Amino acid sequence: MRIIEIPEANVKRYIPSDLSECDQQQYMDICELIFYFQNEQINYDEFRTHAVYKLMKMVPSKKDDDDEEKFANIYQLSELIDDFFDTDKEGKKIIKQDYINNPIPSFKPIFKTLYGPSDSFMNMTFGEYTDALRLFLDFHATGDMELLKLLTAVFYREKKAFHFIKKYLSSYNGDIRVPYNSKLLEVNAKELKHAPIGFVYGFYLLFASFQKYLIDAKIMWGGKEIDLAILFENNGSDSNETPSEDIPGIGMDSIAFSIAESGTFGNIDQVRNTNFWDIMIRMYDLRRTDLERQKHENNASTK
């Protein structure tokens, strides 16, 4: 976070270094500009300039083009926006996505307030994750804006009725939102019909950042550090053997069915309603056991 002061104008602003430091309005403003930039509706210089005006809470005017000193100051400040990106070997700008805190905990599109997931998606069910991941990948492949609204609608829902009473019940799980119902997804998405791009695309970027985090996540469980990376490592199969593209897999949905078949968390509906992190710990335990079995078999064959 950088502090920008203009004493003569009695102005003091806090300029975030990347998306993780943005407050809610800053996050939505920058995510909207990132969307326009990535879709080539504005170039990078325009992105930086617009970002400075948004973060400094300034309104551009035609006089700015004739004010050389002000233009020079704006350009100098715009160089700070470079910190929002990394640059790859080909010179392409890559957004820094190293955050899993939710910058938009709640949003009021029209008449009602919708509440999103908690930081680190701690209150996410496995059903929410599998549906969201499918929509996330579909949007990445097609760019269909309706998918963005559906993805956001998976997580942003109204508060439970009588929340102040339910929090004392033994069944209360800490989530203030009404339970997720995939059958109502399209209905709920209609509430986001006029939601700003910065909100829905901002949530897409948050989910993308969470996906990046998940691959190398290390979490504390029972006083021990659990490294979830083993869930995403190569299983050691022959690298020359490629899966048939004619028979695509169904990803996390397949895992949900497999866990339901084991009966550990109940039937498929119960699995989908189980907390995401509980499922991940179970998957970790199964994977760890499988790796230990493979190790013992390899040692035995060597002897």
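The values are calculated or read from the model by the stated rules, or taken from the named source; none is laboratory data. Please read these numbers as outputs of a predicted model, since none were measured by experiment. Positions of Cβ are generated from backbone atoms using ideal geometry, with glycine treated the same way; all protein chains shown enter the neighbour counts. The area values use the complete protein model at the heavy-atom level, side chains included, leaving out ligands, DNA and RNA. Shrake-Rupley method; radii C 1.70, N 1.55, O 1.52, S 1.80 Å.
Select from region 147-160 the residues that are more than 16 Å from L205 (Cα to Cα) and open to solvent by less than 60 Å² (accessible area, probe 1.4 Å) and write down the one among them that is modelled with the lowest pLDDT. If we take residues in region 147-160 being more than 16 Å from L205 (Cα to Cα) and open to solvent by less than 60 Å² (accessible area, probe 1.4 Å), then K160 is modelled with the lowest pLDDT.
For (1) free of Cβ contacts under 8 Å to residues at least 24 places away in the same chain; (2) over 28 Å from F155 (Cβ atoms); (3) out of contact with any Ser or Thr (no Cβ under 6 Å at 6 or more places or on another chain); (4) open to solvent by less than 60 Å² (accessible area, probe 1.4 Å), each residue gets a yes or a no:
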{"residue": "R48", "(1), (2), (3), (4)": "no, yes, no, yes"}
{"residue": "N73", "(1), (2), (3), (4)": "yes, yes, yes, no"}
{"residue": "L77", "(1), (2), (3), (4)": "no, yes, yes, yes"}
{"residue": "D86", "(1), (2), (3), (4)": "yes, no, yes, no"}
{"residue": "I94", "(1), (2), (3), (4)": "yes, no, yes, no"}
{"residue": "I100", "(1), (2), (3), (4)": "no, no, no, yes"}
{"residue": "T113", "(1), (2), (3), (4)": "no, no, no, yes"}
{"residue": "M124", "(1), (2), (3), (4)": "no, no, yes, yes"}
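Inside region 102-111, residues that are farther than 17 Å from S209 by Cβ, in contact (Cβ under 8 Å) with a residue 40 or more places away in the chain and either assigned to a loop (DSSP other than H, G, I, E, B) or of a type in the set (V, I, T) (or both) make up a count of 2. Scanning region 13-28 for residues that are among the acidic types (D, E) and over 12 Å from D83 (Cα atoms) yields one hit, D23.
Residues that are modelled with pLDDT under 90, more than 20 Å from A208 (Cα to Cα) and not charged (D, E, K, R): which helices (runs of 4 or more DSSP H) entirely in region 21-99 hold 2 or more of them?
68-78
Just to be sure before I move on: is L133 out of contact with any Phe, Trp or Tyr (no Cβ under 8 Å at 6 or more places or on another chain), within 15 Å of Y180 (Cβ to Cβ) and of a type in the set (A, V, I, L, M, F, W, C) in the structure I sent? For L133, the condition - out of contact with any Phe, Trp or Tyr (no Cβ under 8 Å at 6 or more places or on another chain), within 15 Å of Y180 (Cβ to Cβ) and of a type in the set (A, V, I, L, M, F, W, C) - is met.
Here I215 passes the criteria (1) surrounded by 12 or more Cβ atoms within 10 Å (Cβ to Cβ); (2) of a type in the set (A, V, I, L, M, F, W, C); (3) modelled with pLDDT of 80 or more except the one numbered (1). Among the residues making up region 126-146, those that are open to solvent by 30 Å² or more (accessible area, probe 1.4 Å) and not charged (D, E, K, R) are L137, H140, A141, T142, G143, M145.
Residue-by-condition table, conditions (1) open to solvent by 70 Å² or more (accessible area, probe 1.4 Å); (2) touching a Ser or Thr at 6+ places or on another chain (Cβ under 9 Å); (3) among the aromatic types (F, W, Y); (4) modelled with pLDDT of 90 or more:
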| residue | (1), (2), (3), (4) |
| --- | --- |
| H163 | no, no, no, no |
| S170 | yes, no, no, no |
| Y180 | no, yes, yes, yes |
| V187 | yes, no, no, yes |
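Yes/no matrix, rows are residues, columns are (1) at pLDDT 90 or above; (2) farther than 30 Å from L33 by Cβ; (3) open to solvent by 50 Å² or more (accessible area, probe 1.4 Å):
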residue: Y204; (1), (2), (3): yes, no, no
residue: G223; (1), (2), (3): no, yes, yes
residue: E241; (1), (2), (3): no, yes, yes
residue: I250; (1), (2), (3): no, yes, yes
residue: F257; (1), (2), (3): no, yes, yes
residue: G266; (1), (2), (3): no, yes, no
residue: N273; (1), (2), (3): yes, yes, yes
residue: D290; (1), (2), (3): no, yes, no
